[in-house]
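Step one of this worksheet: look at the structure below.
Just so it is clear, none of the values below were taken in a lab; they were calculated from the coordinates. Everything numeric here is computed off the predicted structure, so don't read it as measured data. Because the Cβ atoms are built from the backbone with ideal geometry, glycine has one as well, and the counts that use them run over all protein chains shown.
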Amino acid sequence: MQKNNIAVLGDGGWGTTLAILLAGKGHQVTLWGAFADYSAYLRRKRVNDRFLPSVRIPRSITITHSFNDALDNKEVVILAVPSEHMRQVLKKCKRYSYSRKAVFISVAKGIEVGSLKRMSEVIVEELGKVPFAVLSGPTIAHEVAQSIPTTVVVASANSILRKRCQELFMTERFRVYTNSDVVGVELGGSLKNVIAIACGISDGLGFGTNAKAALLSRGLVEISRLGVAMGANARTFSGLSGLGDLVTTCISPYSRNRFVGEQIGKGKHLKEIKARMQMVAEGIPTTRSAYALALRHKADTPIINEVFAVLYRHKSPLRAVKDLMTRARRGE
C-alpha cells in the first residue's frame with residue numbers, strides 16, 4: 001500500500017480518530033487545530049480530553065496550529081471541521097501553499113446555512129475543480145478509536161479516486177464501501193441529524209420504542225423524498241450513509257444530536273443547551289437548512305418541519321407531536 005502525507009484539518013473527536021486510524025496504517029499524519037493553545041495542549045498531553053477522552057494520540061502524529069505546516073507537501077487533505085466553519089477553512093487553504101494534486105476528503109455532515117450548499121459544493125466553489133471525495137456512515141468516534149467494527153462509505157464521481165480512498169482508510173475493523181452518489185451520501189449524513197433531534201425529543205418526553213420506530217421509519221422517508229428531489233439516488237438512503245447512519249445517531253447515547261433533542265424534550269432551551277456543549281451538534285444548523293431546502297424543492301417533510309418549529313419558533317414539543325399525529329389520513 002502506498003504511504004501518504006496526510007493533513008487532517010480539525011482536532012475534534014472525529015478528526016482525531018481518523019488521524020489515529022491513518023497513522024496506524026503507516027501514513028504520515030499532521031493534525032491541525034484551530035486554537036493554538038489547545039494544539040499545544042494536545043502535543044504535551046497526547047490525549048484529546050475535550051473531544052476524545054482516554055484515547056492516546058501516537059507520537060508519530062504531528063499536531064500543529066500552523067496552516068502552512070499542516071498543508072505543506074500533503075497528498076491528502078481531510079476536512080474534519082464543522083460545516084459552519086468549512087468555507088472559512090477552505091478560504092485559508094487558498095492563502096497557503098498546498099499541492100495542486102492534493103485530494104480533499106470531506107467528513108463533515110452538514111449543510112451550509114444561507115447558501116444551502118453541501119460541503120462538496122462549498123469545496124468546489126472555494127478551491128475550484130480539485131479532486132474530492134466524501135466519507136460518511138454510522139461512525140461514533142470513540143467506537144472507531146477503540147477498533148470496534150465499523151463500516152462506512154466513500155463517495156466520488158471519479159471511480160479511481162473512490163478506490164484510492166477506500167484503500168486509504170480500510171482496515172480489519174474499518175470497512176469502506178464505495179458509491180458514486182455524492183449528493184445522496186452527503187444528504188443522508190446531514191439530514192439524519194435532524195431526525196436524531198426528533199428522536200431525542202421523543203426520549204426526553206418519556207416516549208417509548210414505538211414512537212422512536214415511527215420517527216426512524218418516517219424520517220427516512222422524508223430524507224429520501226428530499227434527497228431524490230435534489231438529485232440523489234433513492235437507493236443510497238437504504239445504505240450506510242442513510243439508514244445506517246440514521247439508526248446509529250438516533251439510538252446512540254453518545255449522539256450529540258439525540259442529546260440536544262432529549263434536553264429540549266425535558267424542557268431545556270436551545271440556547272442553554274448549546275452554551276453547555278463543547279462539541280458541535282450539526283443537526284441544529286442543519287434543521288434550518290433542511291427546512292429551507294424542503295420549501296425550495298416542494299418536498300413534504302412534516303417531521304423536519306416540526307423540529308424546525310420547535311428549535312426556531314419556540315413551539316411546544318408536545319404540540320409538535322400532536323400536530324404530527326393528527327395530520328390528514330393517508331396511505332403509507
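Below, the figures for the structure above:
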{"quantity": "Tilt relative to the chain, helix 13-24 - C-alpha long axis, 0 to 90 degrees, to 10", "calculated": "40 degrees"}
{"quantity": "Reach of LYS322 by Cα under 20 Å, taken over aspartates and glutamates that are not fewer than 8 positions away in the same chain", "calculated": "ASP203, GLU222, GLU262, ASP300, GLU306, GLU332"}
{"quantity": "Dimensions in Å of the range 183-325 - Rg and Dmax from alpha carbons", "calculated": "13.7, 38"}
{"quantity": "Nearest 10 degrees, 0 to 90: helix 256-265 Cα axis against the chain principal axis", "calculated": "30 degrees"}
{"quantity": "0 to 90° range, to nearest 10: angle between helix 36-45 axis and the chain longest Cα axis", "calculated": "70 degrees"}
{"quantity": "Orphan Cys of the chain, criterion: no other Cys C-beta under 4.7 Å", "calculated": "CYS93, CYS165"}
{"quantity": "Entries of LYS91/LYS271; LYS74/LYS271; LYS192/LYS268 with Cα pairs more than 31 Å apart", "calculated": "LYS74/LYS271"}
{"quantity": "Distance-filtered residues of the range 142-177 - backbone nitrogen under 19 Å, label point 7 angstrom along TYR254 Cα→Cβ", "calculated": "142-153, 170-176"}
{"quantity": "Projected label distance in nm at ASN210 and THR171, using a 7 Å step from Cα toward the beta-carbon", "calculated": "4.3 nm"}
{"quantity": "Value in Å of the Kirkwood radius, where the range 289-331 supplies the Cα pairs that are averaged", "calculated": "11.0 Å"}
{"quantity": "Highest average packing first - 59-69, 78-88, 7-17, Cβ atoms within 10 Å", "calculated": "7-17, 78-88, 59-69"}
{"quantity": "Estimated translational D of the chain in µm²/s (Stokes, Kirkwood radius over Cα pairs; 37 °C; 0.692 mPa s)", "calculated": "163 µm²/s"}
{"quantity": "Eligible aspartates and glutamates near LYS163 by straight Cα distance, threshold 19 Å, same-chain separation 8 or greater", "calculated": "GLU75, GLU172, ASP181, GLU186"}
{"quantity": "Three-way shape call for the range 248-308 based on the alpha-carbon gyration tensor, with the a/c threshold at 1.5", "calculated": "prolate"}
{"quantity": "Ranked list, fewest to most other Cβ atoms within 10 Å of each Cβ, for ASP72, ASP49", "calculated": "ASP49, ASP72"}
{"quantity": "The range 1-60 and the range 270-326: distance between their alpha carbon centers, rounded to Å", "calculated": "33 Å"}
